[in-house]
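The values are calculated or read from the model by the stated rules, or taken from the named source; none is laboratory data. Fair warning: this is a prediction, and the values are worked out from it, not measured in the lab. Note that we place each Cβ from the backbone using ideal geometry, even for glycine, and neighbour counts take in every protein chain shown.
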Amino acid sequence: MKRLLGFITMVLIMSSVVEGQAVTRLLYFSLKHADESMEAKAFFEKITVLKDIPVVKEFELTRVRSKKMEYDYCLRLAFENQAGADTYSNHPIHNQYVKDEWRPNVAQGLLVDHIEIGDD
């Protein structure tokens with residue numbers, strides 16, 4: 001968890017340089033529950049509420065296939081710019097979801113924000 005918080009802090013510091021660029025956010029994570037459990041199914045049904053946040057331009061939930069990765073799933077979100085990503089992070093729907101669903105159900109996670117190379 002400390003590693004994730006440190007990385008998030010680094011991303012936020014770097015974000016001031018890339019304010020106008022599109023941001024793709026990848027959230028790699030593993031659940032505390034078995035893949036086909038009722039808890040996992042409920043988690044994946046409820047995560048779609050994040051699509052309702054107006055600044056989310058793209059939403060995709062996938063299973064990680066690489067055996068080299070320590071995470072089982074990836075949530076990909078796209079934002080128009082860093083301001084959109086920041087708005088998402090502070091949005092009441094996001095904050096409620098993190099409190100009620102993410103924290104109780106996610107065993108581990110890693111957040112990575114991306115911008116395109118040369119996208120000035």
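Assorted remarks:
- In region 31-52, the residue that is nearest to residue 88 (Cα to Cα) out of those that are of a type in the set (A, V, I, L, M) and out of contact with any Leu (no Cβ under 9 Å at 6 or more places or on another chain) is 49.
- Counted residues, region 57-70 - those being within 13 Å of the chain's Cα centre (by Cα) and either within 15 Å of residue 96 (Cβ to Cβ) or among the hydroxyl-bearing types (Ser, Thr, Tyr) (or both): 1
- Region 43-67: number of residues that are closer than 16 Å to residue 105 by Cα and among the polar types (S, T, N, Q): 1
- Residues being modelled with pLDDT under 95 and under 14 Å from residue 109 (Cα atoms) are entirely absent from region 10-19.
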